[in-house]
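Notes to accompany the following structure.
The values are calculated or read from the model by the stated rules, or taken from the named source; none is laboratory data. These numbers were taken from a predicted model, which means no experiment stands behind them. Glycine gets a Cβ as well: all are built from the backbone with ideal geometry, and neighbour counts include every protein chain shown.
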Amino acid sequence: MAGVTVIARYTARSGMADRVAETLVRHAAETRREPGCLRFDVYRSSDADSFVLLEEYIDEGAFRSHRGTPHFKANIEQQVAPLLSEREWERYFHL
């Protein structure tokens with residue numbers, strides 16, 4: 001099966017970007033330790049409220065597994081998502 005790349009774009013609500021950044025740094029470190037994760041990078045824009053996450057997994061199963069981890073639920077669903085005004089992501093499959 002082909003590898004999977006995910007590009008996520010987050011926009012923090014006013015005054016929340018530093019809290020989002022702190023959590024994303026922790027989340028990235030935890031995610032990089034997952035067996036199916038090839039890459040997990042977090043970028044913060046020059047406007048400071050926008051973030052891009054670039055994620056690569058060995059396959060669809062590894063991506064699905066990531067979304068079921070305790071750290072995904074705690075960091076993204078419980079801590080980051082409530083602090084965002086926008087959240088979108090797209091999944092791409094390697095050719």
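As an exercise: evaluate THR31 against (1) farther than 25 Å from PHE93 by Cα; (2) crowded, with 17+ Cβ neighbours inside 10 Å and give the number of the one condition it does not meet.
Here THR31 clears every test but (1).
Can you name every residue in the range 72-86 that is in a helix (DSSP H, G or I), surrounded by 15 or more Cβ atoms within 10 Å (Cβ to Cβ) and hydrophobic (A, V, I, L, M, F, W, C)? Show your work before the answer.
Just the residues of the range 72-86 that are in a helix (DSSP H, G or I), to begin with: 72-83.
Remaining after also requiring surrounded by 15 or more Cβ atoms within 10 Å (Cβ to Cβ): 72, 74-76, 79-80, 83.
Answer for the range 72-86, where residues must be in a helix (DSSP H, G or I), surrounded by 15 or more Cβ atoms within 10 Å (Cβ to Cβ) and hydrophobic (A, V, I, L, M, F, W, C): PHE72, ALA74, ILE76, VAL80, LEU83.
For the range 54-71, indicate whether the set of residues that are farther than 19 Å from GLY3 by Cβ, touching a strand residue (DSSP E or B) at 6+ places or on another chain (Cβ under 9 Å), crowded, with 18+ Cβ neighbours inside 10 Å and at pLDDT 95 or above is non-empty.
no
In the range 53-71, what count of residues is obtained for those that are of a type in the set (A, V, I, L, M), over 30 Å from GLY15 (Cα atoms) and either assigned to a strand (DSSP E or B) or in contact with a Lys or Arg (Cβ under 7 Å, 6 or more places away or on another chain) (or both)?
Residues of the range 53-71 that are of a type in the set (A, V, I, L, M), as a first pass: 53-54, 58, 62.
Those still in the list that are over 30 Å from GLY15 (Cα atoms) too: 58, 62.
Next, only the ones that are either assigned to a strand (DSSP E or B) or in contact with a Lys or Arg (Cβ under 7 Å, 6 or more places away or on another chain) (or both) stay: none.
Total meeting the criteria: 0.
Do you know which residues across the range 1-52 are touching a residue at least 40 places away in the same chain (Cβ under 8 Å), hydrophobic (A, V, I, L, M, F, W, C) and not in a helix (DSSP H, G or I)?
MET1, ALA2, VAL4, VAL6, ILE7, ALA8, ALA12, MET16, PHE51, VAL52, listed by residue number.
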